[in-house]
Amino acid sequence: MHDGEIRADLGLKELIASFSGMTFLLVSLAISIANLKLHRRTGSSVPVILLGVVLLLATIATLAGYLWQQDRGSLYWMLGV
């Protein structure tokens, strides 16, 4: 493997890690929103759910901000642009 191939391989691994992390966060957010809608059935605490939603949104924003600064191509790819 040449130096350029190693860098490309690391870039692909970073893209996969970022994409999988963002996917996990978005699925977790969707589940939290569903739990908020069903909180009476599930007996969940609304303040705890809202805290989770806020923290998930902050984490998504942090990851998106990092990708905006470090690897816009990956962010554009994730957004389908």
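Projecting the Cα atoms of Ala30, Ala58, Gln70 onto the charge dipole of the chain (Cβ charges, centred on the Cα centre) puts Ala30 farthest toward the positive pole. Calculate how steeply helix 46-70 sits against the longest principal axis of the alpha-carbon atoms of the chain, using the helix alpha-carbon long axis, and give the answer as 0 to 90 degrees to the nearest 10. For 46-70 against the chain, the angle is about 10 degrees. Can you compute the FRET efficiency between Tyr76 and Ala34 using 1/(1 + (r/R0)^6), with r the Cβ-Cβ distance and R0 = 35 Å? Round to the nearest 0.05. Here the calculated transfer efficiency is 0.75. For the chain, the 222 nm mean residue ellipticity estimated from helices alone, with every DSSP H stretch of n ≥ 4 adding -39500 (n - 2.57) and the total spread over all residues, rounds to -30000 deg cm²/dmol. Across segment 3-79, the fraction of Cα-Cα pairs farther apart than 17 Å, rounded to a whole number, is 53%.
All of the numbers you see were taken from the coordinates with simple rules; none came from a lab. These numbers were taken from a predicted model, which means no experiment stands behind them. Neighbour counts are summed over all protein chains in view; Cβ atoms, including those assigned to glycine, are modelled from backbone coordinates with ideal geometry.
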